[in-house]
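Undergrad: The structure under discussion is supplied below as C-alpha cells; questions concerning it will follow.
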Amino acid sequence: MKKTVVWEKKHLLGIEELSKEEIILLLDQAESFKEVVKRAIPKVPPLRGKTIVNLFCEPSTRTRTSFELAAKRLSADTVSVATSSSSFLKGETLKDTARNLEAMNIDMIIIRHSCAGAPKFLSECVNASVVNAGDGSHEHPTQALLDVFTLREKLKKIEGLKVSIIGDIEHSRVARSNIWALTKLGAKVTVCGPRTMMPAGIEKMGVKVTCDVNEALEGADAINVLRIQLERQKQQLFPSTREYVRNFGITKDRLKKHAKKDILILHPGPINRDVELSQDAADGEYSVILEQVTNGVAVRMAVLFLLSTTRQIIEQAQKE
Ligand code: CP
C-alpha cells in the first residue's frame, strides 16, 4: 500500500535530510505546478501576502531568477538583496543581515553562500523559513530536484536508471545533492572525473567510481555533466584545459562511440562550452539542458509552496 506523506519541514537545507517519500512528494507537487506555468496567465494565489527574500552572496543567473519567478507565480512579494551593494561590504555579519531583514516581517529567505553550512546556520538564527540555493561544495538541493524531475519526466521513472555524473565531483554541490536524490530514488549512479577531483570515500554514498569517461558512458541512460569550478579550486587540478577535454570532454563523437543512442544529456549550467561539453552535444537532440531550466520554476514553486504550508500550520499552532 502507498504510504501517505505529509510535508512537515520548515526549511529546505539539503537532499540528505529528505526521505524518498518527501522527494516524491516534491516532484509530484512540481508536476502540478508545471501545468500552472504553461497557462496564459501563469499565476496562482497560495503565497499571497507572503514575502520572500533572495539573499545571494555568490553569482547566479538560473537559480536566482527561477526562485524569483517561482515566488511571483505563487503571488508572493519578492525582494532581492544584491550583496555587492549591501551592508555586507561594511562588515555586517550574515546573522545580523538576516535578523534585520526579518525585522521587516519576511517569511522566507533563499540563500546562496560560498560557505558550506551557511543556510543551516541561518535557519538557527531566524524564524523565517530558509531555502538552500547552493552552499559551497555542500548541497544544491533544488538543482538536484529539477534534475530528477527532468529525468522522471523524460524517462518515466528513476528506479533502476543508470546515471553518470561526470566532471569536477570534489567541488560540486550539484553532484552531492544529485547523488543523494538519485540513490534514494533507486537509480544506479556512477561518478567520473580526474582522480584529483574525486573526493576520498565518495563510494560510501553508494556510487560506482571511475576515472574512465568511456566506462561512465557505457550503458548509461543519462549523464549529468558538471562545470569545472575553477573558482573553488585552490590549485590547478589538471595539467591543461586541452588535456581535460581530451580525457573527459563530452563530445558527439565520444557519445557516438561509447554511449547509448538516446542517452540524455543534463548540465546544471553555466556551461564551459567546448571544455566539459562540446557545442554539438550541448545543443544536440538529446540535450535536456534548457528543459531543466524550465522545470526549475515548477520545482521551486513546489518547494516554496510546501514550506509555506508547514509555516502556516506552525503559526496556527502557536496562536492556539
Ligand atoms: N545551476 C545553477 O546553479 O546556475 P546559477 O549559478 O546560474 O544559479
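Undergrad: What residue, among those in region 87-139 that are over 19 Å from residue 52 (Cβ atoms) and small (Gly, Ala, Ser), is surrounded by the fewest Cβ atoms within 10 Å (Cβ to Cβ)?
TA: In this case the residue turns out to be 91.
Undergrad: Another question, if that's okay. Conditions first: (1) modelled with pLDDT under 95; (2) more than 14 Å from the ligand (Cβ to nearest atom). Residue 168 passes all but one, so which condition is the exception?
TA: (2)
Undergrad: Just for region 183-197: of the residues that are in contact (Cβ under 8 Å) with a residue 24 or more places away in the chain and part of a helix (DSSP H, G or I), which one is surrounded by the fewest Cβ atoms within 10 Å (Cβ to Cβ)?
TA: That would be 196.
Undergrad: Where in region 202-320 are there helices (runs of 4 or more DSSP H), lying wholly inside it, with at least 1 residues that are modelled with pLDDT of 95 or more and in the same structural domain as residue 108 (by TED's automatic domain parsing)?
TA: Filter on region 202-320 gives 289-319.
Undergrad: Is it true that residue 120 is in the same structural domain as residue 176 (by TED's automatic domain parsing), more than 13 Å from the ligand (Cβ to nearest atom) and modelled with pLDDT of 95 or more?
TA: no
Undergrad: Got a number for residues in region 33-91 being within 16 Å of the ligand (Cβ to nearest atom), of a type in the set (Val, Ile, Thr) and in contact (Cβ under 8 Å) with a residue 40 or more places away in the chain?
TA: Summing the residues that are within 16 Å of the ligand (Cβ to nearest atom), of a type in the set (Val, Ile, Thr) and in contact (Cβ under 8 Å) with a residue 40 or more places away in the chain in region 33-91 gives 2.
Undergrad: Okay, next question. What number of residues within region 147-170 satisfy the criterion of being surrounded by fewer than 24 Cβ atoms within 10 Å (Cβ to Cβ) and closer than 22 Å to residue 117 by Cα?
TA: 2
The values are calculated or read from the model by the stated rules, or taken from the named source; none is laboratory data. Keep in mind that what you see is a predicted model, and the values were worked out from it rather than measured. Glycine also receives a Cβ, built like all others from the backbone with ideal geometry; neighbour counts cover every protein chain displayed.
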